[in-house]
Amino acid sequence: MFIFTGLFADPAEGLPEQFARLWPGLDIIRIDRPIVAIAARFDPHLDDEAMDRAVPLVEALSARHPAGRFLLLHTECFGGDCGYRGQILQDGRTVLEADGDGAALRRLIGYWGIDLGPQARFEPLRRDFPWRQETPPG
């Protein structure tokens, strides 16, 4: 079983520090593919209620960075079958929600203008993805 809960956002000045203040202990990195984003990984055992409590905080962040796109994403994989639940927030409100299989993940990442293709491979969801860095993101 693989569980992932994370937050991805268009890079903005001070955003990694804001993530760290709101959620101490997050793994926060910058990714350059398939989207360019500040990425944060929450504790994998975060329950649905905790994720729901994160939504108003992400809404507030997105209101402070109105041009930025924020993706709150929860993934659960059992064997080769994965389910994705997420929402895109922009300018303080949810602009897209998706829940389901790889098509849901493709819709969410598609908001960045990226086509993940039929395999819906999103590198940050690999088990061996390098979430820890020696230098903070910038």
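May I ask you to list the residues in the stretch 115-127 that are within 17 Å of the chain's Cα centre (by Cα) and either assigned to a loop (DSSP other than H, G, I, E, B) or at pLDDT below 80 (or both)?
The answer is Asp115, Leu116, Ala120, Arg121, Phe122, Arg126, Arg127.
Could you check the stretch 95-114 and list, in sequence order, the residues that are assigned to a strand (DSSP E or B) and either in contact (Cβ under 8 Å) with a residue 12 or more places away in the chain or in contact with a Cys (Cβ under 8 Å, 6 or more places away or on another chain) (or both)? Please lay out each step first, then the result.
Our first condition is that a residue be assigned to a strand (DSSP E or B); within the stretch 95-114, this holds for 95-100.
Result: Val95, Leu96, Ala98, Asp99, Gly100.
Inside the stretch 56-81, can you point out the residues that are without any contact (Cβ under 8 Å) to a residue 40 or more places away in the chain, part of a strand (DSSP E or B) and surrounded by 15 or more Cβ atoms within 10 Å (Cβ to Cβ)?
none
The values are calculated or read from the model by the stated rules, or taken from the named source; none is laboratory data. Model, not experiment: these values are computed from the prediction. Ideal geometry is used to build each Cβ from the backbone, glycine not excepted, and the neighbour counts take in all protein chains shown.
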